[in-house]
Amino acid sequence: MYKVIDGKALAASMRADIKAKVFSFKQDYGKTIGLAVVLVGDDSASQVYVRNKIKACEEVGIKSFAYRLDKDTPQKDLEELVQSLAADKNVNGILVQLPLPEHIDAEKVLSYIPYEKDVDGFCAQNIGRLCMNEDCLVACTPNGVMQMFASEGISLKGKNAVVVGRSNIVGKPMAMLLTNADATVTLCHSKTQNLKEICLNADILVAAIGKPKYISADMVKEGAVVIDVGMDRDENGKLCGDVDFETVKEKCSYITPVPGGVGPMTITMLMYNTYLAAVRSL
Ligand code: NAP
């Protein structure tokens, strides 16, 4: 018998908790927590993400500073904006929405975000600190997955965990978090041989591939916990994950749906990171 982990419900309860914390912060220190969101260009998906992030800020009482820049904005102007946000005491977190237009050197722009304000957890210092299991701002999506394990009381210690996908924003930090939680981790990618056999050995299977319904039931061990990070479109254009939910669910102890699984946790963790950045700035 499997249980579906309800990311939407968990995200809602965490946001209520963050809202209370943000309110207490203001009461205790007389400061409003601020998040700067920078969007360059008119990519429609990015516009939706930015809107949702600003909406989440409103929901939890974080002040958002939105910068919507023209797609032809010169590199220098963008760098100067990020530098001024880095120095601004009212801004606790800085988020530059990716991808940036092609003429922009994204890495250089991001390098101006101090690690204390890097609420996406993407910079080398935060990644390095995560590897060393030190306090840091952790990338939002994998951190959201860790909250899901915790909320269900799923033990990771000594478990075989397999992460499929090695991106810097999901797969790699996910593997590191699981390692820090005492799981034995295998990180897979497009060149991995015998992916099916490796997945069949997973007590915990995290799919972050970007291929609709790629993980099929014959790749999943009986009783596994399956986390689907994917946000893909099926052959009918319908939102789905990297896991073939309908066939895989019968083999799982726990499984996350798409939509309503990992997705709602990501922005919630962004709010949490912004709160954390404010607390650490005191
Ligand atoms: P990405 O940067 O494109 O990385 C995909 C990873 O999957 C790569 O490491 C790639 O291997 C690996 N891969 C591709 N095909 C494979 C195959 N056949 N077998 C094994 N590994 C394979 O993607 P991402 O940014 O990590 O995102 C992954 C998925 O998560 C996407 O669907 C994305 O939309 C979704 N996502 C969701 C959220 C959320 O909030 N729910 C957040 C971020 C991402 P190589 O490294 O060898 O190329």
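A compact table of results
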{"item": "Only Lys, Arg (+1) and Asp, Glu (-1) charged, at Cβ; the range 1-109 dipole about Cα centre in debye", "result": "720 debye"}
{"item": "Computed magnitude of the charge dipole of the range 126-172 (debye, nearest 20; Cβ of K, R +1, Cβ of D, E -1)", "result": "200 debye"}
{"item": "C-alpha center-to-center spacing [the range 222-256, the range 1-56] in angstrom", "result": "25 Å"}
{"item": "Residue-count net charge about Leu239 - beta-carbon cut-off 10 Å; Lys, Arg +1, Asp, Glu -1", "result": "0"}
{"item": "Listed peptides 259-272, 43-56, 225-238 by packing density, highest first (mean Cβ within 10 Å)", "result": "259-272, 225-238, 43-56"}
{"item": "Likely footprinting exposure, Tyr275, Tyr112, fewest C-beta neighbours within 10 Å first", "result": "Tyr112, Tyr275"}
{"item": "Relative contact order of the range 101-206, pairs being alpha-carbon contacts under 8 Å that are 6 or more residues apart, as %", "result": "23 percent"}
{"item": "For the chain: rounded, prolate or oblate by the Cα gyration tensor [a/c cutoff 1.5]", "result": "prolate"}
{"item": "Separation of the Ala150 and Ala106 label points, Cα + 7 Å toward Cβ, nm", "result": "2.8 nm"}
{"item": "Viscosity 1.306 mPa s, temperature 10 °C, Stokes-Einstein D of the range 240-282 from Kirkwood C-alpha radius, µm²/s", "result": "127 µm²/s"}
{"item": "Relative contact order (percent, whole number), the range 142-282, Cα cutoff 8 Å, 6+ residue spacing", "result": "20 percent"}
{"item": "Candidates per GluC sites (Glu not before Pro) in the range 106-169, loop by DSSP, up to 13 other Cβ within 10 Å", "result": "Glu134"}
{"item": "Cα-based Rg of the range 174-282 normalised by 2.2 N^0.38 Å, two decimals", "result": "1.19"}
{"item": "15 Å beta-carbon shell around Asp6, net charge (K/R +1, D/E -1)", "result": "+2"}
{"item": "Value of relative contact order over the chain, rounded to a whole percent, pairs C-alpha under 8 Å and six or more apart", "result": "22 percent"}
{"item": "Neighbour-count ranking [beta-carbon atoms within 10 angstrom, fewest first] of Tyr254, Tyr2", "result": "Tyr2, Tyr254"}
{"item": "Dipole magnitude (debye, nearest 20) for the range 129-216, charges at Cβ of Lys, Arg, Asp, Glu", "result": "400 debye"}
{"item": "Cα-based helix-to-principal-axis angle, 171-180 vs the chain, degrees rounded to 10", "result": "80 degrees"}
{"item": "Between the range 150-166 and the range 57-123, the Cα center-to-center distance that results, in Å", "result": "32 Å"}
{"item": "Most mobile of Leu95, Leu239, Leu130 in a GNM of the chain (Cα contacts under 10 Å)", "result": "Leu239"}
{"item": "Set of lysines with alpha-carbon distance to Lys26 below 20 Å, sequence-local pairs under 8 removed", "result": "Lys55, Lys63, Lys89, Lys117"}
{"item": "Folded to 0 to 90 degrees: helix 44-60 orientation relative to the chain principal axis, Cα", "result": "80 degrees"}
{"item": "Placed amide H near Leu69: partners under 5 Å, 5+ positions off or other chain", "result": "Leu39, Val40, Gly41"}
{"item": "Sequence-distant residues sharing a close amide H with Asp6 (under 5 Å, placed H)", "result": "none"}
{"item": "Residues with amide H under 5 Å from that of Thr186, placed H, sequence gap 5 or more", "result": "Ala161, Val162, Val163"}
{"item": "Segment Lys8-Ala45, extension gain: residue separation times 0.36 nm, minus the distance between their alpha carbons", "result": "11.3 nm"}
{"item": "Within straight-line cross-link reach of Lys211, lysines at Cα separation under 27 Å, skipping those fewer than 8 residues along the same chain", "result": "Lys3, Lys8, Lys53, Lys159, Lys172, Lys191, Lys196, Lys221, Lys238, Lys249, Lys251"}
{"item": "Choice from Gly93, Gly41, Gly241 with maximal GNM fluctuation in the chain (Cα, 10 Å cutoff)", "result": "Gly41"}
{"item": "Reciprocal of mean inverse Cα separation for the range 30-99 (Kirkwood radius, Å)", "result": "12.6 Å"}
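Read-outs: derived from the displayed coordinates by stated rules, not from any lab. Worth saying up front: this structure is predicted, and the values here are computed from it rather than measured. Counting neighbours? That spans all protein chains shown, and the Cβs are built from the backbone with ideal geometry, glycine included.
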